[in-house]
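Asks: Mind looking over this structure? Questions follow.
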Amino acid sequence: MRLILCGPPGAGKGTQCKRIVDKYALTHLSSGDILRAERAGGTELGRKAQSYMDSGGLVPDDVIIGMMIGAIQKAAGRYVLDGFPRTLPQAEGLDKALQEAGEKVDAILNLLVDDPVIENRLTGRRSCPQCGRVYHIENLPPKVEGQCDQGCGRLVQRDDDKPDVVRNRLKTYHEQTEAVVGFYKAKGRSIINVDADRDIDEVTSAIFDELDAIKR
Ligand code: ADP
Ligand code: AMP
């Protein structure tokens with residue numbers, strides 16, 4: 001199964017992807033997680049991405065497209081894309097690579113949440129730098145404050161989850177990323193819209209219902 005999970009930052013893509021990959025045995029390909037790993041490893045790519053990520057802007061398309069197509073090729077047709085494609089050139093780049101490989105995405109899910117809800121979700125988010133799990137200080141607190149439930153150690157607040165960067169990320173989303181859904185619609189692809197302003201488990205069950213129907 002090849003899936004794309006769209007939606008603004010903070011919509012719950014990472015949270016839902018963790019559940020989707022467990023249930024359907026897929027690889028979670030999060031462009032944000034891959035970039036953060038490159039940064040932590042001090043690679044050339046990580047250094048290139050740094051200033052864009054810290055300001056809430058987007059890393060240049062040529063860097064991202066190469067990085068993600070490489071990751072997709074390794075995932076052997078079983079993956080969920082999270083945070084990619086995020087611009088029209090990225091969507092076109094992905095389309096071209098899939099066409100050349102004779103492959104097609106099985107479903108495009110779009111998580112819908114309004115901006116004021118997102119601001120609270122992002123500023124309250126705490127992440128595990130080791131395993132990538134995400135928590136929320138109110139909505140999804142860890143069992144022990146500040147510690148990952150998996151025993152990895154301390155949770156951190158991402159620098160780009162501070163309020164001024166969050167506002168910039170939302171602006172970037174509306175200016176550059178929202179149009180990606182329109183790109184797929186114009187190509188005649190159906191979009192599965194999911195109301196993501198609900199309890200985390202309710203969102204998961206709505207997504208599983210859709211994906212089970214596709215598998216049948
Ligand atoms: P994204 O990957 O889309 O940026 P995340 O999955 O990291 O979003 O979620 C952002 C924050 O919102 C996290 O702190 C997460 O715990 C919380 N969250 C995710 N889904 C929900 C939901 N349905 N209701 C409330 N909080 C949520
Ligand atoms: P995320 O973890 O998806 O919230 O992404 C964190 C940051 O990484 C974004 O604010 C961007 O700076 C960068 N990033 C992640 N994915 C992409 C992408 N597909 N295109 C450009 N920049 C990206």
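The values are calculated or read from the model by the stated rules, or taken from the named source; none is laboratory data. All of these numbers come straight from a predicted model, not from anything done at the bench. No Cβ is skipped: glycine too gets one built from the backbone with ideal geometry, and neighbour counts run over all protein chains shown. These area figures cover heavy atoms from the full protein model, side chains too; ligands, DNA and RNA do not enter into them. Shrake-Rupley method; radii C 1.70, N 1.55, O 1.52, S 1.80 Å.
Asks: So, restricting to strands (runs of 3 or more DSSP E) that lie completely within the stretch 85-199, which ones have at least 2 residues that are surrounded by fewer than 17 Cβ atoms within 10 Å (Cβ to Cβ)?
Replies: So the answer is 191-195.
Asks: Something else about it: Could you tell me which of the residues K48, K13, K18 is over 20 Å from C131 (Cα atoms) and basic (K, R)?
Replies: K48
Okay, residues lined up against (1) of a type in the set (D, E, K, R); (2) at pLDDT below 95; (3) open to solvent by 10 Å² or more (accessible area, probe 1.4 Å):
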{"position": "R2", "(1), (2), (3)": "yes, no, yes"}
{"position": "L5", "(1), (2), (3)": "no, no, no"}
{"position": "G12", "(1), (2), (3)": "no, no, yes"}
{"position": "V21", "(1), (2), (3)": "no, no, yes"}
{"position": "T27", "(1), (2), (3)": "no, no, yes"}
{"position": "D33", "(1), (2), (3)": "yes, yes, yes"}
{"position": "R36", "(1), (2), (3)": "yes, yes, yes"}
{"position": "G42", "(1), (2), (3)": "no, no, yes"}
{"position": "L45", "(1), (2), (3)": "no, no, yes"}
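Asks: Exactly one of (1) under 13 Å from the mean Cα position of the chain (by Cα); (2) farther than 25 Å from R216 by Cβ; (3) charged (D, E, K, R) is unmet by K18. Its number?
Replies: (2)
Asks: Looking at the stretch 4-56, which of its residues are away from ligand 1 (no atom under 14 Å from the Cβ), among the small types (G, A, S) and assigned to a loop (DSSP other than H, G, I, E, B)?
Replies: Selection gives A25, G41, G42.
Asks: Of all residues being over 17 Å from the mean Cα position of the chain (by Cα) and part of a helix (DSSP H, G or I) in the stretch 71-84, which is nearest to ligand 1 (Cβ to nearest atom)? Just the residue, please.
Replies: Looking at the filtered set, the residue picked out is K74.
Asks: Another question, then. Filter the stretch 47-88 down to the residues that are more than 9 Å from ligand 2 (Cβ to nearest atom) and of a type in the set (D, E, K, R) and list them by number.
Replies: R47, K48, D62, K74, R78, listed by residue number.
Asks: Residue check: is G66 crowded, with 19+ Cβ neighbours inside 10 Å, within 22 Å of V105 (Cα to Cα) and at pLDDT 95 or above?
Replies: For G66, the condition - crowded, with 19+ Cβ neighbours inside 10 Å, within 22 Å of V105 (Cα to Cα) and at pLDDT 95 or above - is not met.
Asks: What is the one condition in (1) under 17 Å from Q16 (Cα atoms); (2) of a type outside the set (D, E); (3) free of Cβ contacts under 8 Å to residues at least 24 places away in the same chain that K96 does not satisfy?
Replies: (1)
Asks: Quickly run through the stretch 26-46 and pick out the residues that are under 14 Å from G70 (Cβ atoms), touching a residue at least 40 places away in the same chain (Cβ under 8 Å) and more than 13 Å from ligand 2 (Cβ to nearest atom).
Replies: T27
Asks: Give the number of residues within the stretch 104-159 that are without any contact (Cβ under 8 Å) to a residue 12 or more places away in the chain and of a type in the set (A, V, I, L, M, F, W, C).
Replies: Residues that pass the stated criteria total 1.
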